[in-house]
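All remarks here apply to the structure that follows.
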Amino acid sequence: MNTPSPSIKDLVLIVVSRPDDSDARQLLYRHIKQAQFFLAAYAVPLELKQALGISPLIINESFTKIPLQMATKNGSNALIAYVDLETLQAKAPNHWQIEVTGKDLLNLLLMSPNFDAVILNTAQGWAGISKEEATMLTSTVA
């Protein structure tokens, strides 16, 4: 019998509750590329507005020009990726909502000079993925 995969939200909450548990983080790594995330944009350039409605969404150099919500600490900038739409709507109510796959989220992190990490945000806490971790994750097959 095949057990269902845990949701990305559940995995983030496991990492939040057990930050030093490498098994919990490895489980998050295994599932991140297939998960869906939501980004909050302050505005969308006119030339990209139509492209956002196309599936699959193409993450390219022009996409990095969208002013996305981020957090800054100690000179580092982290892209905020919400694990569910409800949390994004509660924390960034007047923003554009952009849905991306985990694979595209990691690629966006790697191609953008504006971000050093990504924060996987839930209403109950967050887990971070550094650029170095994203490099490792995108180089593995899955």
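All of the numbers you see were taken from the coordinates with simple rules; none came from a lab. Since the structure is predicted, the reported quantities are computational estimates derived from the model, not experimental observations. Glycine also receives a Cβ, built like all others from the backbone with ideal geometry; neighbour counts cover every protein chain displayed.
Taking the conditions exactly as written (surrounded by fewer than 17 Cβ atoms within 10 Å (Cβ to Cβ) and of a type outside the set (Asp, Glu)), does Thr138 satisfy them or not?
yes
Scanning the range 6-32 for residues that are part of a helix (DSSP H, G or I), more than 18 Å from the chain's Cα centre (by Cα) and of a type in the set (D, E, K, R) returns a single hit, Asp23. Scanning the range 111-142 for residues that are touching a residue at least 40 places away in the same chain (Cβ under 8 Å), under 20 Å from Ser76 (Cα atoms) and among the small types (Gly, Ala, Ser) turns up Ser112, Ala117, Gly125, Ala127, Gly128.
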